[in-house]
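J.: My questions all concern the structure below.
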Amino acid sequence: MKHRRPLVGGNWKMNTSRLSSATLARAVVDGLVGLKGVDVAVFPPFPYLLSVGAILRERGSSIRLGAQDACDQPDGALTGEVSCAMLKDCGVSVVLVGHSERRHALEENETVVHNKARAALAAGLDVVLCVGERIEEREAGRTDMVNEEQVRLALREVPGEQIARLAVAYEPVWAIGTGRTATPADAQDAHAKIRAVLADLYGQDEADRVRIIYGGSMKAANAAAILAQPDVDGGLVGGASLSAGEFVPIVRAAAG
Ligand code: 13P
């Protein structure tokens, strides 16, 4: 029996408009009314955080407002950046750090990911730290090594008392937006290895409390089998989170 409360995030990436983000938020809220036993967060684009947050609030929803990124600096001359304090000011309580699209398409290196993870946790935000291997790393048998390195480098100097606010998203890069998913067994294997790294860093009890969620072409049709794995504690959903008709059943599958 899993003792971790599942967590499902909808990462809207650079999608939706002012109007469609509001429509989607309302549909997700309405689709999840009364559902218990699962934490849910949505991650709209920055310009829609306030309007989506207002919809969540006015409907009394427990869905949490998340941001897709945060700057590691508190303020200053950093054109285009958004600080953790600004995000909190807009009602954000959880932030993605190290998403593969930022690591690879936008060339964020391990130092940047590390600085962002530390800054967000220190600011009191919850963090979903995203890790995962590229196809060439998987084919070279380096999956576990890559995940371990990404976890260790991101969490360097992060104190144990902040780990209660951490979740890890295992998102194999080759599964993101491709329609390919890790098999439930492969996901379980990667998650268990990531948990072992967390146990080495923070002790088994702390590691057992950290939610490790899966991302990569998760859909209503494949979610249940992946979510049934003992070390899979939820999902981080991209494409399928843009449709309430897909996202709501995934959340329901996670709630069990
Ligand atoms: P897809 O669900 O579109 O594959 O995206 C996964 C993801 O990157 C979530 O952060």
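The values are calculated or read from the model by the stated rules, or taken from the named source; none is laboratory data. Not measured: the values here are computed from a predicted model. Please note: Cβ atoms are built from the backbone with ideal geometry, for glycine as well, and neighbour counts cover all protein chains shown. SASA here: full protein model, heavy atoms, side chains in, ligands and nucleic acids out. Shrake-Rupley method; radii C 1.70, N 1.55, O 1.52, S 1.80 Å.
J.: Quick check on my filter: what residues within region 166-224 are among the hydroxyl-bearing types (Ser, Thr, Tyr) and open to solvent by 40 Å² or more (accessible area, probe 1.4 Å)?
T.: First, pick out the residues of region 166-224 that are among the hydroxyl-bearing types (Ser, Thr, Tyr): 170, 178, 181, 183, 202, 214, 217.
Result: Thr178, Thr181, Thr183, Tyr202.
Residues checked against (1) under 16 Å from the mean Cα position of the chain (by Cα); (2) more than 16 Å from the ligand (Cβ to nearest atom); (3) surrounded by 17 or more Cβ atoms within 10 Å (Cβ to Cβ):
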site	(1), (2), (3)
Asn11	yes, no, yes
Pro44	yes, no, yes
Ser61	no, yes, yes
Ala77	no, yes, no
Asp89	no, yes, no
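J.: Shifting gears a bit: Those residues that are more than 12 Å from Gly132 (Cβ to Cβ) and of a type in the set (D, E, K, R), I need them from region 150-192; list them, please.
T.: Passing the criteria: Arg152, Arg156, Glu157, Glu161, Arg165, Arg180, Asp189.
J.: For region 230-252, state whether one or more residues are part of a loop (DSSP other than H, G, I, E, B), of a type in the set (A, V, I, L, M, F, W, C), crowded, with 19+ Cβ neighbours inside 10 Å and free of Cβ contacts under 8 Å to residues at least 40 places away in the same chain.
T.: Here is the first cut: in region 230-252, the residues part of a loop (DSSP other than H, G, I, E, B) are 230-233, 238, 243.
Narrowing the set further to residues that are of a type in the set (A, V, I, L, M, F, W, C) leaves 232.
Retained after the next criterion (residues that are crowded, with 19+ Cβ neighbours inside 10 Å): 232.
From the residues that got through so far, the ones that are free of Cβ contacts under 8 Å to residues at least 40 places away in the same chain too are none.
No.
J.: If you don't mind, there's one more thing I want to ask. What residue, among those in region 215-229 that are part of a helix (DSSP H, G or I) and free of Cβ contacts under 8 Å to residues at least 60 places away in the same chain, is farthest from Leu129 (Cα to Cα)? Break it down into steps so the answer makes sense when it comes.
T.: Looking only at region 215-229, we keep the residues that are part of a helix (DSSP H, G or I), and these are 220-227.
Right, trim to free of Cβ contacts under 8 Å to residues at least 60 places away in the same chain and you get 220-226.
Numbers: Ala220: 23, Ala221: 25, Asn222: 23, Ala223: 20, Ala224: 23, Ala225: 23, Ile226: 19 Å.
Ranking the candidates gives Ala221 first.
J.: Something else now. Taking Arg5 as the residue in question, decide whether it is loosely packed, with under 13 Cβ neighbours inside 10 Å and either touching a residue at least 12 places away in the same chain (Cβ under 8 Å) or in a loop (DSSP other than H, G, I, E, B) (or both). Break it down into steps so the answer makes sense when it comes.
T.: Details: loosely packed, with under 13 Cβ neighbours inside 10 Å: no; either touching a residue at least 12 places away in the same chain (Cβ under 8 Å) or in a loop (DSSP other than H, G, I, E, B) (or both): yes.
No.
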